[in-house]
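Working notes, beginning with the structure itself.
Read-outs throughout are calculated quantities, based only on the coordinates presented, and are distinct from any laboratory measurement. Here the structure is a predicted model, which means the values were calculated and not measured. As a convention, Cβ positions derive from the backbone with ideal geometry for all residues, glycine included, and neighbour counts pool all protein chains shown.
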Amino acid sequence: MAKTTVDIDQEQLERVREILGTETLRDTISTAFGKIIRVAAVRDLVSSAEDGSFADLLEPGAEERMWG
C-alpha cells in the first residue's frame, strides 16, 4: 500500500464520514472506494442485462436446464 499526500476538503470529508458512518480518514477512504467499485459493478451488470446477456434465463425451462 502506498502513502500519498493530498489536500482534502474537510467539510466534504466530514459529510462523507457522516454518510458512511466511519471515524478515521483511512476507513472513510477505504469504504468510499469500496462503495464506488460496487456501484461500477452494478452498472456493468445492468448494462449486460440491457444488452440481452441474460435473455436465456427468461426462456421457459431455463431454471430446469440450469439446476437439473
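Sites listed here are trypsin sites (Lys or Arg not before Pro) in the range 2-68 whose DSSP assignment is loop and whose Cβ has at most 12 other Cβ atoms within 10 Å: 3.
Computed from label points 7 Å out along Cα-Cβ, the spacing between residue 67 and residue 54 is 1.6 nm. The dipole here belongs to the range 22-67: it is taken about the Cα centre, uses +1 on the Cβ of Lys and Arg and -1 on the Cβ of Asp and Glu, and is about 360 debye. Between residue 38 and residue 8, full extension at 0.36 nm per residue minus the direct alpha carbon distance yields a gain of 8.5 nm.
Loop-located GluC sites (Glu not before Pro) in the chain (DSSP state not H, G, I, E or B) with no more than 14 neighbouring Cβ atoms inside 10 Å: 23. Taking every alpha-carbon pair in the chain and binning the separations at 10 Å intervals from zero gives 17, 28, 21, 16, 15, 5 percent.
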